[in-house]
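Each remark here refers to the structure printed beneath this line.
The values are calculated or read from the model by the stated rules, or taken from the named source; none is laboratory data. Small disclaimer: the values here were computed from a predicted structure and weren't measured. Glycine gets a Cβ as well: all are built from the backbone with ideal geometry, and neighbour counts include every protein chain shown. Side chains are part of the model used for accessible areas, which takes the heavy atoms of the whole protein and leaves out ligands, DNA and RNA. Shrake-Rupley method; radii C 1.70, N 1.55, O 1.52, S 1.80 Å.
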Amino acid sequence: MFGKRKERGLREAGWGQTLFAGAIGLIYFFPVLWIIMTAFKTRTDALATPPKFIFTPTLDNFVSVFWRVSQQGNEAISTGFGLYFFNSVFVAASGVLLALIIGTLAAYGFSRYPLKGNDTYLFVILTTRMLPPIIVIIPIFLMFRLTGMSGSYYGVILLYAAFNLPFSIWMMKSFFDELSGDVEDAARLDGSSERGVFFRICLPQLKAGLAATAVFALILTWNEFLFALLLTGSDTRTVPVAMARTIGGELGVDWGLLAAIITLFLIPVFGVTYLLQNHLLRGVTFGTIKK
Amino acid sequence: MSHLIIQDLHKSFGDLRALQGVDMVVEKGEFFVLLGPSAAGKTTTLRMVCGIERADQGRVVFDGEDVTGAEVRGRDMAMVFQTFALYPHMTIFDNLAYPLRQSGMAKADVVQRVNEVAEMLRLGHTLARKPGTASGGEQQRVAIGRALVRRPSLLLLDEPLTNLDAKLRFDTRAEFKRLHRELGMTIVYATPDELEALSMGQRIALLRGGRIVQTGTPDELYTKPQDTYVAGMVGSPKVNLIPAIRRGADDAPLVEMPFGAVQNGPWADALKPFPVGSELIFGFRPHDVAPATDTGGDDGDGGGTMRIAAKVHLIEPLGDVVILDLTAGETQLKMVLPEEQAIRYSVGDDVPVNLRVENSFLFARETGTAIC
């Protein structure tokens with residue numbers, strides 16, 4: 001029996017192991033689960049002690065993410081959350097895309113055409129990420145004020161691209177380093193131009209690497225709060241900033257509302273990661289090169 | 001016409017001097033083998049012929065044209081890499097079609113050509129798959145197919161059999177010879193395996209440490225090695241090399257070994273100028289040793305054989321032939337016998353053997369170069 005399982009290359013876990021793994025998984029997932037549950041609770045249920053696991057779900061919190069009742073009590077006013085959500089998606093996607101494009105090109109250069117002192121340059125690139133963001137935020141804030149980039153889309157997008165670039169370069173360089181130089185030489189011999197080698201030979205082999213880099217950069221950017229707080233205006237505000245602004249007020253923290261925002265906020269990252277998970281898991285070695 | 005001429009090629013990688021003046025001439029339609037251990041400079045030579053690597057010094061002339069500094073693409077040559085270097089993200093069909101598409105060939109022609117090559121190399125059933133799912137032999141045939149598909153006039157093969165198992169290697173050797181005969185292209189084939197070199201090459205260049213030691217036909221390398229290195233590289237089992245001293249009169253030299261002396265070899269005249277007492281190495285192939293059938297025989301001065309009193313030390317059966325490791329006093333030597341003759345002997349037996357002196361070699365011990 002055991003031998004047969006081994007032959008197939010995978011060993012099915014028994015019920016005991018599956019349940020144990022499930023329990024561990026639940027512990028890790030519990031905070032997320034709790035937030036999602038809270039998003040569907042009334043204010044009373046959310047604050048109940050002992051905490052309630054069985055309750056009547058409500059969508060009220062989600063409605064109040066987008067609309068609030070006016071002071072006269074007769075009008076529904078938009079909270080602007082739709083715009084903030086769009087801002088988050090737009091700014092993160094553009095920043096990551098830009099970092100990925102520049103980072104991939106730079107990484108290819110660092111990997112294939114090393115300069116004298118290549119490692120030093122790579123190290124210097126990384127040092128820009130060694131300072132705590134809180135240190136650099138003041139000069140950057142002043143620069144943004146001076147150049148008028150404060151509150152603009154392109155300002156934040158450029159900043160996020162720069163923010164993700166060192167990481168993208170390092171990660172993509174390690175993927176390029178793993179590719180076989182023979183394959184590229186073969187393509188040159190087969191009549192390919194240098195551009196063809198990059199676009200038709202190298203990049204298609206690195207889909208998994210690109211996906212992994214994109215997901216990591218996206219998560220970092222998506223959750224970024226400090227720069228967004230100080231550098232976005234009311235039109236370009238992102239969700240993390242908007243989220244922080246719901247805390248406080250005369251009724252204290254509206255946990256249900258906050259949980260509803262977080263729940264909505266999680267959806268895009270979940271979605272992207274889910275779509276790319278096959279690439280993430282597949283890794284970058286394909287086994288056609290015998291070493 | 002000489003198809004490929006390499007003159008005084010030098011290449012260093014940092015402190016490593018990969019090539020130190022390689023010269024060779026390959027004729028049109030020739031099967032030329034570069035033989036040498038790893039790091040001898042075989043791959044570097046091939047890479048400079050096709051232009052992937054730039055020479056520090058020297059020239060590469062292909063088809064009468066100096067291509068030393070020319071671009072890689074557009075050369076009428078193809079290369080099969082040791083690692084196969086297939087495009088992992090493309091199907092096998094696309095791998096084979098890639099060189100044709102790069103040259104801008106019409107779609108219908110591409111399909112036809114690819115199918116021709118696939119049929120010739122028995123790859124028809126694999127075309128829709130990715131290289132990663134193909135077996136080692138199939139991957140190797142794809143690599144060869146990709147090189148052949150645009151019908152280059154020069155084919156460079158860099159240890160194409162190294163990554164295959166023994167059985168496949170044997171079959172593919174014959175396949176290469178067949179392809180060479182049928183397609184009539186010039187082939188430069190790099191290998192560390194002397195069996196591959198001897199069985200396929202029309203001429204062999206033996207490389208060591210970035211230099212060519214000797215170039216010649218397999219027969220020349222086997223029967224007239226220029227030094228002990230060539231003698232040791234070519235021929236299996238390995239040549240017997242025995243330390244010896246020059247003795248005898250000035251015009252009647254004698255080669256003295258621990259187990260006896262010998263004279264009248266093919267090297268006898270060349271040895272005359274060497275002073276008595278010169279240190280030598282005496283070499284002979286294990287195939288030139290045979291058990292002495294009669295008890296009389298000669299003692300090395302007449303009929304071209306030398307009698308050695310030996311003892312069986314070790315027996316290595318290789319199927320149809322058997323290698324017998326013998327000891328003659330302190331000296332070890334090898335003998336090859338057909339299996340049916342070898343079964344007579346067991347370890348510890350005394351075996352008087354005859355050595356065929358006419359096929360023996362003599363080298364100067366200090367330099368290793370042949371005396372002939």
Per residue of B:84-96, count partner chain C-beta atoms within 10 Å of its C-beta, then hand back the mean as an integer. 5
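What average number of partner chain Cβ atoms lie no more than 10 Å from the Cβ of the residues making up A:203-211? Walk me through the numbers on the way to the answer.
Values: counts 1, 4, 4, 1, 1, 0, 0, 0, 0.
Partner-chain Cβ atoms within 10 Å, mean over residues of A:203-211: 1.
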10 Å binning of all Cα-Cα separations within chain B, expressed as whole percents from 0 upward: 5, 20, 25, 21, 15, 10, 4, 1
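Can you give the accessible area buried between chains B and A, summed over both chains, with a 1.4 Å probe, in Å² to the nearest 100?
Details: alone 17350 and 18250 Å², together 33430 Å².
Buried area between the two chains comes out at roughly 2200 Å².
How big is the C-alpha Rg of the stretch A:2-78 next to the rule-of-thumb value 2.2 N^0.38 Å, as a ratio? Walk me through the numbers on the way to the answer.
Working: Rg = 22.1 Å, N = 77, 2.2 N^0.38 = 11.5 Å.
Ratio of Rg to 2.2 N^0.38 Å for the stretch A:2-78: 1.93.
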The base-10 log of I(q)/I(0) that the Debye equation returns for the stretch A:81-282 at q = 0.11, 0.13, 0.15, 0.17 Å⁻¹, one scatterer per C-alpha, is -0.62, -0.81, -1.00, -1.17
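Greater than 29 Å separation of Cα atoms is the criterion. Which listed pairs, A:K173/B:K107; B:K130/B:K167; B:K167/B:K311; A:K207/B:K11; B:K11/B:K130; A:K207/B:K177, meet it? Before the final figure, lay out each step's value.
Details: A:K173/B:K107 36 Å; B:K130/B:K167 24 Å; B:K167/B:K311 35 Å; A:K207/B:K11 36 Å; B:K11/B:K130 36 Å; A:K207/B:K177 40 Å.
A:K173/B:K107; B:K167/B:K311; A:K207/B:K11; B:K11/B:K130; A:K207/B:K177, as the Cα separations exceed 29 Å there.
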Tell me, how many Å apart are the Cα centres for the stretch B:42-92 and for the stretch B:16-35? 13
Dipole axis of chain A (+1 Lys, Arg; -1 Asp, Glu on Cβ), positive-most option in A:L203, A:F144, A:S94: A:L203
Gap separating the Cα centres of the stretch B:236-269 and the stretch B:152-200, nearest whole Å: 38
Quick shape check on the stretch B:247-372: root eigenvalues a ≥ b ≥ c of the Cα gyration tensor, a/c under 1.5 is rounded, otherwise prolate if a/b tops b/c, else oblate, and it reads prolate
Note: the protein assembly as shown, point scatterers on Cα, Debye, no solvent; log10 I/I(0) at q = 0.05, 0.08 Å⁻¹ equals -0.44, -0.84
Modelled label-to-label distance, A:T147 and B:D66, 7 Å Cα→beta-carbon offset: nm? 5.1
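Take the alpha-carbon positions of the stretch A:96-186, form their convex hull, and give its projected area averaged over all directions (one quarter of the hull surface) in nm².
Working: hull surface 28.5 nm².
Over every viewing direction, the Cα hull of the stretch A:96-186 projects on average to 7.1 nm².
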If you fit an axis through the alpha-carbon atoms of helix A:118-127 and take the longest principal axis of the Cα set of chain A, what angle between them do you get, 0 to 90°, nearest 10? 10
What number comes out for the charge environment of B:L100, summing +1 per Lys or Arg and -1 per Asp or Glu over other residues with Cβ under 13 Å away? +2
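Run lengths n ≥ 4 of DSSP H only: what is the helix-derived mean residue ellipticity at 222 nm for chain B, with -39500 (n - 2.57) per run over all residues, to the nearest 500?
Numbers: 10 runs with 91 residues, N = 372.
When only DSSP H runs of four or more count, the value is -7000 deg cm²/dmol.
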Just to confirm a number: summing +1 for Lys and Arg and -1 for Asp and Glu over residues other than B:P237 whose beta-carbon lies under 9 angstrom from that of B:P237, what do you get? +2
Neighbour net charge for B:E53 - beta-carbon separation under 11 angstrom, K R +1, D E -1: +1
Enumerate the aspartates and glutamates that B:K28 could reach by cross-link, defined here as Cα to Cα under 12 Å, with residues fewer than 8 away along the same chain left out. B:D63
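If you take each beta carbon of peptide B:65-77 and count the beta carbons of other chains within 10 angstrom, what is the mean?
Details: counts 0, 0, 0, 0, 0, 0, 2, 7, 9, 1, 2, 0, 1.
Partner Cβ neighbours, averaged per residue: 2.
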How much of the accessible area of chain B, probe 1.4 Å, is carbon plus sulfur, in whole percent? 50
Sorted peptide list for B:100-107, A:97-104, criterion being average Cβ within 10 angstrom, highest first: A:97-104, B:100-107
Taking the Cα centre of each part, how many Å lie between the stretch A:133-191 and the stretch A:19-52? 38
